[in-house]
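Let me begin by presenting the structure, written as C-alpha cells, before commenting on it.
Every number in this text was worked out from the coordinates using simple rules, so none of it is lab data. No experiment lies behind these values; they were computed from the predicted model shown. Here the Cβ is made from the backbone with ideal geometry for all residues, glycine too, and neighbour counts use every protein chain on show.
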Amino acid sequence: MGKIGLIIKREYLSRVRKKTFILTTILTPLLFVGVIGLVVFITVKNVTHQTVAVVDPNGYLKQSLESNSVVTYTFDSNVDTSNFADKGYTAILIAPQTGINKTSNFQLVSDKSLSSIANDRIQDDIATTLENNIISDSLKIDPKLIEAIKKRADETKLVQIKKDEYGTLQQSNFKLASSIGYVTAFLIYITLFIYGVMVMRGVMEEKTNRIAEVIVSSVKPFQLMLGKIIGIGAVGLTQFFIWIILLFGISTILTSMIPPDVLHQMQQQQGSFNASSQQTSEAVQTIAAAKSTLSTINWPLVIGCFVFFFIGGYLFYASLFAAVGSAVNEDIQDAQSLTFPITLPIIIAIILMINCINDPTSQLATWSSLVPFFSPIVMMARVPFGVPGTVPYWQLGTSMALLVLGFLFTTWLSAKIYRTGILMYGKKPTWKELIKWARM
Amino acid sequence: MAILEAQNLKKYFATQKAVDDISFSIERGSIFGLLGPNGAGKTTLLRMITGIFYPDEGQVLFDGKPFDPLNDIQYIGYMPEERGLYKKMKIGEQALYLAQLKGLPKNDAMRLIKEWFARLDMQTWWNKKVEDLSKGMSQKLQFVTTVLHQPKLIILDEPFSGLDPVNSNVIKDEIFRLAKEGSTIIFSTHRMEQVEEICDHIVLVNRGKKILDGTVRNIKQQFKENLFRIGFAETPVVGNNNLFEVAKKTDDQTLIVRLNKGATTNSVLSHFLQNGANITSFNEILPSLNEIFIRQVEGTPAARQFQTVTA
C-alpha cells in the first residue's frame, strides 16, 4: 500500500470508528422519520371529534348533511342555544329561518371556539350540501346521484408524456421529478458544507498540533492533502451507502406488507384506482401508489449521477477548504472570513437551483448546470426530469467533463497554497499573500 | 566520506534572507551540532536538508549524490522543533502509522516499536492516547517515532526541550548509542552546554550566514585567550614581569593569569617557582562554547529586522 493509501486509511478509520459517526449515521434517518411521524401524530391527535346539534327548521340540510370523522351532526329539534351543552353537544348549528338555499347567515354557537379544522369541515359540509340541493332543485335529480357524478369527475388525471418517450408508456411526473431534484440537490449542498468544513478542520488540527511538519518530512504535502480529502470523502460515501441500505430496507418491509394481488393490480393500472379495490385498506393503497409512481424515475441514473456529482463537487470544493485550513491558525474566526469566498458560490448554486427546478430546460438552468461552481447542485436537480429528455447527453457529458477539469484545477491550486500554508505560523495571511503562495 | 554535504544553500523569503550562502559537510557517524540564536535560519536550513523546502540556490548532496527527497527521505529521521502528534490517536497505532509512512513494512515496524517501547519503559502506553501523556512522555514518544525506521541521518531540533534531567539522560544515551551503531546525527539547538557534551563538530549560524565551522576542540583552541588558573598554597606577591599579567585574583589562593605573546607555560611556572611559590594546581582555561557563542553573536541585534530582499 502506498503512502497515500496509509493516509486515506488513517483519515477514514479515525472518523468511522468514532461513536459520533455511528450514532449520526443511524440516528439521522430515524430522526428524520421520527420528526415526520411526530408532526403527523400531533396533527391527527389534535383533531378532536365534535358532536354538533343542527337546528334546521326548513329541513334542507337534513337531506344530505352526513356525519364524518371530524364532525357528527345530530338533527334534534329539542335543542336550543341554552341547553346544547347540557345535552352533550359541543356546538349548535342554526340554519337561516327564511329563504330556500340561502348561503349566508349560518350560525355556529359554542362555549369555546372550535378548531379551525372542525370549522373548515363544517363550512365545507354545508357548502357541499347546498350545492347538491341547488343542483337537484334545478335539474330535478337525486342529490345522491350528484355525489357519484362528482366522484367520477374528480378522478380526472392529466398525464404528461415526453415526445420521444411516447409509446413506451413512460409517464413523466413533473412533481415527483422536481421533489427528487430538490432533495438530491439539497443533500449535495449540505454535504458539501459538512464534509468541506470537516476537511478544513482536519487540516487546521494538523497545523495547530504541529504534526504537519513531522508528516511532511515523510510524505509530500500534496499526498497528505489528497489523502485527507479522499479519506473524508470515503467517510461521506459510507454514510450515504448506509442510508441507502436503510431506505431500501424500510421500503422492502413496507412493500412486503402489501398483498401480492393488490401490487399486481396497481402495476397494471399505473396508479389509477377505482372502487374495485375498496377491500384493501387506504394505507396499503397509498404505499402501493407511491411505489408505482416512484418506479417512473430512472433510479440507477439518478443514484449514479448523485454519486458522481457528490464526488465531483466534493473534490472541487474540499481542496479549496483544505487550502483555507492550511492558511489559518487556531482562530476559527479567521477561518470564517477566508471561507466566505468559497461558501458564496455554493449558496448562489442553491439559489440558482431553486429557480431552475421550475423550468429545467431554461437558458439559466442549462448554463448554470455546466459551470463547475454550480453544476453539482444545479445539474443534480435537473437529472431526475429525465436524460436525454430534459437534459441532453451533451449537456450532461460537458457538465461532468468540466467538473472533472474544475476539481483538477482547484486541487492543483490548493496544493500550492497548502504546501506553504501548513508550515507558516503567525498572523492570518491576506488573499494577496495566498495568491503569491499559489504562484511560488 | 561525508553523508551530507550542503553546498552554497540559499533561501530567501519575502522579508528575510533566511539562509544566505551556507556550506558545510557532515561525516558519517558523527554527531553534528547546528547552532545559532533564535531566527538564525536553523529551521529553514533543516527544512532544505529534509526536502520540505527547495533551496533557491545551491544543492544538498546525500551520500555523495544530489538529494532526492522522494527516495532519500526514508533514510532520514527528522524531529522538528515545532513537533506534535495526533492527540486522539492511540500511541501504538500512531507509532505504527508514522513508521509505515517512512516506508517500513508493517511486521518490521511492529517488531521495532516493541523493541523501543521495551527499552524506554513504554510498554504500558500502547493503548493510551497522546492526550493522556505528559509533555515529557510525548517527547519521548516523538523521539522513538523519529528514529524507529533506523535512519542513516537523524535530525533533532531541540530534542531536550521539555524533558527532565533523568529523561534527558535517557535520550542522550540513546543518541550516543545510535551514533555508535553508525547513524549520523544532526543536533540543532541554542543550548550550548548540551552541545559541548555531545557534539563532535559544530557549525554556528547567525542571520542566515555561517560564522563558525569546526570541531569543538579546534574552535575552543581558536578562541582561547591564553588564560590559566594557578592554585597556590599561599598566594604570592606578583611583581612586574613580561611573561603574563594577572587577570583576576580570587580569595582562595588562586590567580588567573593571561600569558603574553611568546611566553610559554613552562616559563610562567618557573617564574613562580623561582620566587619560591608553592603551586598546587595549574590549568588552562578554555572558553566555553556558550562564551564563544555569545561573543560571536553579540553586537548583532537580538531580533532579526525585516528587510526587503532583492535577489
Inset, instruction - For peptide B:84-92, compute the average count of partner chain beta-carbon atoms within 10 Å of each residue's beta-carbon. - result: 4
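Indicate the gyration tensor shape class of segment B:61-113 (rounded, prolate or oblate), computed on the Cα atoms with a ≥ b ≥ c the square roots of the eigenvalues: a/c under 1.5 is rounded; otherwise a/b larger than b/c is prolate and the rest oblate.
Numbers: a/c = 3.18, a/b = 1.58, b/c = 2.01.
Note, shape of segment B:61-113 comes out oblate.
Please state, to two decimals, what the Cα-based radius of gyration of the protein assembly as shown comes to when divided by 2.2 N^0.38 Å (N = residues). Please list the in-between numbers first.
Numbers: Rg = 42.3 Å, N = 751, 2.2 N^0.38 = 27.2 Å.
It is 1.55.
Would you list B:Thr50, A:Thr191, A:Thr398 from fewest to most Cβ contacts within 10 Å?
Details: B:Thr50 24, A:Thr191 20, A:Thr398 14.
Ordered from fewest to most neighbouring Cβ atoms within 10 Å, B:Thr50, A:Thr191, A:Thr398 come out as A:Thr398, A:Thr191, B:Thr50.
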Inset, instruction - With unit charges on the beta carbon (Lys/Arg positive, Asp/Glu negative), name the residue among B:Asn127, A:Val302, B:Gln222 whose Cα is farthest towards the positive pole of the charge dipole of the protein assembly as shown. - result: B:Gln222
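Rounded, prolate or oblate, given the Cα gyration tensor of segment B:10-158, with a/c below 1.5 counting as rounded?
Working: a/c = 2.28, a/b = 1.71, b/c = 1.34.
The shape class here is prolate.
Working out 0.36 nm times the residue gap between B:Arg217 and B:Asn278, then minus their Cα-Cα distance, what length gain in nm do you get to one decimal? Each step should come with its number before you reach the end.
Numbers: separation 61, 0.36 × 61 = 21.96 nm, distance 3.10 nm.
Full extension of this stretch gives 18.9 nm more.
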Inset, instruction - Please find the FRET efficiency linking A:Ser295 to B:Gln59, where r is the Cβ-Cβ separation and R0 is fixed at 56 Å, and quote it to the nearest 0.05. - result: 0.25
Inset, instruction - Starting from the amide H of B:Lys128, placed 1.01 Å from N in the peptide plane, find each other amide H under 5 Å away whose residue is 5 or more places distant or on another chain. - result: B:Ile91, B:Gly92
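Give, in nm to one decimal, the length gained when the segment between A:Ile245 and A:Gln336 is fully stretched (0.36 nm per residue of separation minus the Cα-Cα distance).
Numbers: separation 91, 0.36 × 91 = 32.76 nm, distance 3.54 nm.
Net length gain for the segment: 29.2 nm.
Arranged by the count of other C-beta atoms within 10 angstrom, fewest first, what order do A:Val70, B:Val237 take? Working shown, then result.
On the way: A:Val70 18, B:Val237 6.
The order, fewest Cβ neighbours first, is B:Val237, A:Val70.
Trypsin sites (Lys or Arg not before Pro) within segment A:371-433: which are DSSP loop residues with at most 15 other Cβ atoms inside 10 Å?
Numbers: sites: A:Arg382, A:Lys416, A:Arg419, A:Lys427, A:Lys432; in loops: A:Lys427.
Sparse-neighbourhood loop trypsin sites (Lys or Arg not before Pro): A:Lys427.
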Inset, instruction - For segment B:157-202, just say rounded, prolate or oblate: build the C-alpha gyration tensor, square-root its eigenvalues into a ≥ b ≥ c, call rounded for a/c under 1.5, and beyond that prolate if a/b exceeds b/c, oblate if not. - result: oblate
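Among the listed pairs B:Lys11/B:Lys180; A:Lys228/B:Lys172; A:Lys228/B:Lys90; A:Lys228/B:Lys11; A:Lys207/B:Lys180, give every one whose C-alpha distance is greater than 27 Å. Write down the numbers at each step before the final one.
Values: B:Lys11/B:Lys180 33 Å; A:Lys228/B:Lys172 36 Å; A:Lys228/B:Lys90 19 Å; A:Lys228/B:Lys11 29 Å; A:Lys207/B:Lys180 35 Å.
The answer is B:Lys11/B:Lys180; A:Lys228/B:Lys172; A:Lys228/B:Lys11; A:Lys207/B:Lys180.
Given R₀ = 51 Å, FRET efficiency for B:Ser270-B:Asp200 by Cβ-Cβ distance, to 0.05?
Working: r = 36 Å, r/R0 = 0.71.
Once rounded, the FRET efficiency stands at 0.90.
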Legend entry - Under the Karplus curve 6.51 cos²θ - 1.76 cosθ + 1.60, θ = phi - 60°, whole-Hz ³J(HN,Hα) for segment A:386-394, x wherever Gly or Pro sits: x, 10, x, x, 8, 10, x, 4, 5
Inset, instruction - Could you give the spread of the C-alpha atoms of segment B:181-228 along their three principal axes, from largest to smallest, in whole angstroms? - result: 38, 30, 17
Legend entry - Under-5 Å amide H pairs with B:Val205, H placed in peptide plane, nonlocal only: B:Leu35, B:Gly36, B:Ile211
